[in-house]
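The values are calculated or read from the model by the stated rules, or taken from the named source; none is laboratory data. These numbers come from a predicted model, not from an experiment. Note that each Cβ is placed from the backbone with ideal geometry, even for glycine, and that neighbours are counted across all protein chains shown.
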Amino acid sequence: MSGPHPNQPDIEDAPLTDHMVMTEAVAELLIEKGIITADEMRAMLERMDSKSPAEGARMVARAWVDPDFKVRMMEDVNAAATELGIDAGAIPIGLVENTPAVHNVIVCTLCSCYPRLLIGLPPDWYKSREYRSRVVREPRAVLMEFGTTIDDDVEIQVHDSTADYRYLVLPMRPAGTEGWNEDALSAMVTRDSMIGVTQITTDKG
């Protein structure tokens, strides 16, 4: 992490939301009707829980070094992932590119929708009510709490993930990395940079 995360006290003790209750009810119904077994459900959740940001980082690094792959990734993240042998799941994922003129940041204002198969489990702060409500209203202030200062002449675009569509940020490639191989580049890419709350430099992630 490149900076402190906002304190989010509302995660641990909050009651189940309507969406959480609905999720549990649907899971129980699927098992009860024999559409999926409890063991299959457990294995699927275990697979999701085991994911890390490494797959997304690998895709970012490939996009930095391969312009044709980047074009395909901009058009269809899921299909581009398949090219690299990565399973991004069935839910469509949109790629938003950071440029010198535009900085992108991702949120799910309803819950915690997020490309888990590419960048792992969402952090607690991403699921918090404070982040979900504030980043759409005052993104610069929220980013500063992560240690990320965006110049006033750079537009900040906030993208709201949903159950039917997720987003992934393509960070800007840091200066001074010309000639680096994909492994070295992917090692620089962090989860937070693919959410858009941090930027990548050659001296910190």
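For (1) closer than 25 Å to N181 by Cβ; (2) touching a residue at least 12 places away in the same chain (Cβ under 8 Å), each residue gets a yes or a no:
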{"site": "G56", "(1), (2)": "yes, yes"}
{"site": "V71", "(1), (2)": "yes, no"}
{"site": "A79", "(1), (2)": "yes, no"}
{"site": "I86", "(1), (2)": "yes, yes"}
{"site": "P92", "(1), (2)": "no, yes"}
{"site": "V96", "(1), (2)": "no, yes"}
{"site": "T99", "(1), (2)": "yes, yes"}
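Selection over the range 139-166 of residues that are surrounded by 12 or more Cβ atoms within 10 Å (Cβ to Cβ), over 17 Å from the mean Cα position of the chain (by Cα) and not β-branched (V, I, T) gives a count of 4.
One line per residue, one yes/no per condition, for (1) farther than 20 Å from V189 by Cα; (2) without any contact (Cβ under 8 Å) to a residue 40 or more places away in the chain:
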position	(1), (2)
L117	no, no
L121	no, no
K127	yes, no
R132	yes, yes
V135	yes, yes
L143	no, no
T148	no, no
V154	yes, no
D160	yes, no
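When residues of the range 101-115 are filtered for being in contact (Cβ under 8 Å) with a residue 40 or more places away in the chain and in a loop (DSSP other than H, G, I, E, B), how many remain?
Residues flagged as in contact (Cβ under 8 Å) with a residue 40 or more places away in the chain and in a loop (DSSP other than H, G, I, E, B) within the range 101-115 amount to 8.
Does any residue of the range 114-137 turn out to be small (G, A, S), more than 14 Å from the chain's Cα centre (by Cα) and modelled with pLDDT of 95 or more? No - not one qualifying residue is present in the range 114-137. Which ones in the range 175-191 are of a type outside the set (A, V, I, L, M, F, W, C) and either in contact with a Pro (Cβ under 8 Å, 6 or more places away or on another chain) or surrounded by fewer than 20 Cβ atoms within 10 Å (Cβ to Cβ) (or both)? Matches in the range 175-191: G176, T177, E178, G179, N181, E182, D183, T190, R191. Restricting the range 70-100 to residues that are in contact with a Pro (Cβ under 9 Å, 6 or more places away or on another chain) and at pLDDT 95 or above leaves a set whose member that is surrounded by the fewest Cβ atoms within 10 Å (Cβ to Cβ) is E97.
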